[in-house]
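Here is the structure we will look at, set down as C-alpha cells.
No lab work stands behind these numbers, since they all come straight from the coordinates. Please read all numbers here as calculations on a predicted model, not as lab measurements. In this analysis, Cβ positions are derived from the backbone assuming ideal geometry, glycine residues included, and neighbour counts consider all displayed protein chains.
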Amino acid sequence: MPTPLIALPGGPAEPVVVPRRAEARADGRTDLVGLSREALAEALVACGLVPPRQARMRARQLWHWIYGRGATDFSRMTDLARPLRAALSERFVIGRPEVVEARVSTDGTRKWLLRSGGADFETVFIPEPDRGTLCISSQVGCMLNCRFCHTGTMRLVRNLTVGEIVGQVLLARDALGEWPSRPEGRLLTNIVLMGMGEPLYNFENVRDALAIVTDGEGLALSRRRITLSTAGVVPMIARAGAEIGVNLAVSLHAVSKAVRDEIVPLNRKYGIPELLSACAAYPGASNARRVTFEYVMLDGVNDSEAEARELVRLIRHYRVPAKVNLIPFNPWPGSPYTCSPPERIARFSEIIFAAGIAAPVRTPRGRDIMAACGQLKSASERGARTPRGMRGEEAAPAAAGA
Ligand code: SAH
C-alpha cells in the first residue's frame, strides 16, 4: 500500500527541513555522492584506509549506507569499525546540495531551489494518487533557447555533476522521510529529467547518475519509471537507449519545419524526419513502452486541427510507438505566447485519440509556487539573468544547434 499523501512530514505550507551539505571541499574532503561503486572502492584504497582485498566489501557497505539508508554521517555506520568511521569522516563527506529555498504548493507539489558549487538549480516533486514524480535538472541554464521556455532565456552556466544529479534524488528522499529505501510503498516512485537543461548535452553525467539511481542495492528505482526528455539531440538518442535505457520523451511541439525551427531552434540542426526516425529506432520502444511526444499548446502557433492530423500522420508514417502529452503552455513574465484555449486543446486531443493514440492533457501543478514547466529557477533568477540578446554567447559552439 502506498503511504497516504496526508502523511507527508510537515504538511502543506510548512518549510521542509533537510540536512545541509557539510562544509565539503573547501576543507579538502571529497564528497562520496556520485562515485560509482568502483570509484568508491578506489577512493578507499587510495587514501590508505582500506586494504585492497577489503575494498569491494567496504565500498558495498558504504553504498548501502549512502543509497539504501540515506546516511550522511559516518558515525552511524555501525558495521564499520569505529576508527575507520573516524578516519572516513576526516577525508570524506556524504553531501547534499544546499537548500536555498523549499516550498510546498497547495496541491502538494514541492519545489526546492538548490545550490551547489556556486550554481542554483531546481527540483520539483509532484505527488499524484498513484505515483510520485521527481522532476530533476541536468544542467544549470540551457543552451537550446526554445522560444516558449523560461529556462531558454538563461544562458547555459554549466553541466550538473553526477553527484548533483543524484543529490536531487537523495534530498527529495530526505524531505519525504523515505529512508531506508524500499521498493514498495514509497512516495517517490518516478523520475523525469524535465527540469532545467538538456540531458543529452550532459550525457555521461546523466548516464552515470541514473546508473546509481537504478542500482538495485541502493535507490533501486526501475528504469521503466524514469523518463528522459530531450528537445531532439538526434545523434545521442540511440546511445541513450543503449547506455541509459530509460523511457524516452521528445519535446516535439510542432509538426512543420517552419514552426519547429522557430519554437525549438535545435530543429534547424536536427529536423523532424531524422528525429522521428531516431524515435522509431529507439531501443526498447514498443507498444508496451511508448515514446512520449510532448506538445506544448501555443495559441495560434501549433494548435490547429490540421496540425493535430499531421501529428497523427507523422507518427504513423515513421511507425513510432508513441503517445502524446499535451501541455498547456505555462506563461512567464515577458513570454511571447499565450496558451491555447481549453476547447482547442480538447479538440486537438480528440483528433489524436480518435486515431488510436493516447493524448492526455497534462494538468498544470504547483503554479502557486512557480513549479510549473519552464519556470524553474525563475524567481531567483529574475533581475540577475542574462538578457535574451546575449544568450548562448558562452555556450559551446558545436552543440548549440541554434
Ligand atoms: N531539454 C529537455 C528537458 C527540459 S524541458 C527538453 O526539451 O525536453 C521539459 C519539458 O517542459 C519540455 O517538453 C519543454 O518543452 C516543456 N516546457 C518548457 N517550458 C514550458 C512552458 N513554459 N510551458 C509548458 N511546457 C514547457
### ³J(HN,Hα), Karplus 6.51/-1.76/1.60, whole Hz, each residue of region 352-369, x for Gly, Pro
6, 4, 4, 8, x, 10, 5, 8, x, 9, 6, 7, x, 10, x, 5, 5, 10
### Summary
Partner aspartates and glutamates whose C-alpha sits under 19 Å from that of LYS323, ignoring same-chain residues fewer than 8 away, are GLU274, GLU294, ASP303, GLU305, GLU307, GLU310, GLU350
### Task
Go ahead and collect, in residue order, the members of region 88-116 whose backbone nitrogen is under 17 Å from a label point 7 Å along the Cα-Cβ direction of ALA46.
88-95
### Summary
With Cα coordinates, the longest principal axis of the chain makes an angle with the long axis of helix 234-243, in degrees rounded to 10, of 40
### Query
Non-local amide H neighbours of VAL93 (under 5 Å, H modeled in plane, Pro and chain starts lacking H): which ones?
THR30, ASP31, LEU32
### Message
Please give me, ordered by residue number, the GluC sites (Glu not before Pro) of region 118-205 that lie in loop per DSSP and have at most 13 other Cβ atoms within 10 Å.
### Response
GLU184
### Task
Search the structure for amide H atoms under 5 Å from the amide H of GLY132, placed 1.01 Å from N in the peptide plane, and list their residues when 5 or more places away or on another chain.
THR189, ASN190
### Task
Quick one: Debye curve from the alpha-carbon atoms of the chain only, equal weights, vacuum; give me log10 I(q)/I(0) at q = 0.09 Å⁻¹ to two decimals.
-0.55
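If you stretched the chain out fully between ALA81 and HIS317, how much longer would it get, using 0.36 nm times the residue separation minus the C-alpha to C-alpha distance?
Details: separation 236, 0.36 × 236 = 84.96 nm, distance 6.27 nm.
Full extension from ALA81 to HIS317 adds 78.7 nm.
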### Summary
Percent antiparallel among DSSP beta bridges confined to the chain, nearest 5, equals 50
### Task
Kindly write out, for region 93-98 in residue order, the coupling ³J(HN,Hα) from the Karplus curve 6.51 cos²θ - 1.76 cosθ + 1.60 (θ = phi - 60°), rounded to whole Hz, with x marking Gly and Pro.
10, 10, x, 9, x, 6
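Suppose R0 equals 56 Å; then what is the FRET efficiency for ALA306 and SER36 from their Cβ-Cβ distance, rounded to the nearest 0.05?
Values: r = 50 Å, r/R0 = 0.89.
So, using R0 = 56 Å, E works out to roughly 0.65.
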### Query
Hey, how many Å between the Cα centroid of region 210-281 and the Cα centroid of region 102-177?
18
### Task
Return the sequence-ordered ³J(HN,Hα) values of region 195-212 in whole Hz as given by the Karplus equation 6.51 cos²θ - 1.76 cosθ + 1.60 applied to θ = phi - 60°, using x for Gly and Pro.
x, 6, x, 10, x, 7, 8, 10, 4, 4, 5, 5, 4, 5, 5, 6, 5, 5
### Query
What is the spin-label model distance, in nm, from VAL259 to ASP73 if the labels are put 7 Å beyond Cα along the C-beta direction?
5.6
### Query
Can you list the aspartates and glutamates whose alpha carbon sits under 13 Å from that of LYS269, skipping same-chain ones fewer than 8 residues off?
ASP261
### Query
What FRET efficiency comes out for the pair ARG60/ARG147, r = Cβ-Cβ distance, R0 = 56 Å, nearest 0.05?
0.70
### Message
Give me, ordered by chain and number, the residues 5 or more places off THR338 or on other chains with an amide H under 5 Å from its own placed amide H.
### Response
ASP299
